Amino acid sequence: MKSQQKKQTDKRWAVLVALFIAHCSLFISGASAQVFIGYLSHDSILKTMPQLIIVEAEMDSLRQAYEKEMQQVEKDFNEKYEAFLEGRKDFPRTIMLKRQTELQQLLERNVKFKEQSRRELAALRRQKMAPLTAILKEAIATVARQQRLVVVLNTDSNACPFIEPEMSMDITQEVLQQLSKQEGEE
């Protein structure tokens, strides 16, 4: 159900973008020397930013810490499970049921820990990437204003499989230069 709603929302956005581009093209046809649409790959520019290396290193360190803890939790569970299997023949029914319940609860806690770890890592990544994204957006906005662009398309999502080169411009190099300039000012 949610995926169908997402598809409908995506279609609506695609229609809105197409209408906006069509509207912009009316202006372009009146002033064909002027380019009003810019495009770039947000991800490829982001990968050139030196701050990304720091964020990735921090995330790798956190991910390794979580993985180490998950391995330890799994090892502890496996040891308890093996002990349970070895002794279950000798356990009275009450003790066996008690240990079985303990193992089930431990397994459930381990699964919850893994899920929580994934959520926390994703949230931390978003939090650490926010300043980089803001810097990149600022650079894109500066270049867009300098070039008098109405809109800048991100080609990463493949939402625009074709962009007419005569009616648009790739602003990747300009944004990279702007980022260098901003970095020099800091």
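The numbers here are math on the coordinates, done by the rules we state, and not lab data. For clarity, every value in this text was computed on a predicted model and none was experimentally measured. A quick note on method: Cβ atoms are made from the backbone with ideal geometry, for glycine too, and the neighbour counts reach across all protein chains shown.
The order of the peptides 134-141, 157-164, 100-107 by mean Cβ neighbours within 10 Å, most packed first, is 134-141, 100-107, 157-164. The magnitude of the dipole of the range 52-170, with charges of +1 and -1 set on the Cβ of Lys/Arg and Asp/Glu and taken from the Cα centre, is near 600 debye.
I want the local charge near R126. Using Cβ-Cβ distances under 12 Å, sum +1 for each Lys or Arg and -1 for each Asp or Glu among the other residues.
Numbers: positive: R119, R125, K128; negative: E120.
That sum, taken over residues with Cβ under 12 Å, equals +2.
Other residues with beta-carbon under 13 Å from the beta-carbon of P92 carry, at +1 per Lys or Arg and -1 per Asp or Glu, a net charge of +4. The distance from the alpha carbon centre of the range 44-62 to that of the range 115-182 is 15 Å, rounded to a whole number.
Multiplying the sequence separation of S180 and T94 by 0.36 nm and subtracting their Cα-Cα distance, what value in nm do you get? Working it through step by step, the gained length comes to 24.0 nm.
With 28 Å as the limit, the listed pairs K68/K112; K128/K181; K75/K98; K80/K114; K114/K137 have K114/K137 beyond it between alpha carbons. Take the Cα of E69, step 7 Å toward its Cβ, do the same at E86, and the gap between the two points is 2.9 nm. Stretched out straight at 0.36 nm per residue, the stretch from E108 to M167 would grow longer than its current Cα-Cα span by 15.5 nm.
Go through the range 33-88 and name the trypsin sites (Lys or Arg not before Pro) that are in a DSSP coil and have 16 or fewer other Cβ atoms within 10 Å of their Cβ.
On the way: sites: K47, R63, K68, K75, K80, R88; in loops: K47, R88.
Hits after loop and neighbour filter: K47, R88.
Computed over neighbours whose Cβ is under 9 Å from that of K80, the net charge equals -3, Lys and Arg +1, Asp and Glu -1.
Each of the peptides 169-182, 112-125 was scored by the mean count of other Cβ atoms within 10 Å over its residues; in descending order, highest first, they stand as 169-182, 112-125.
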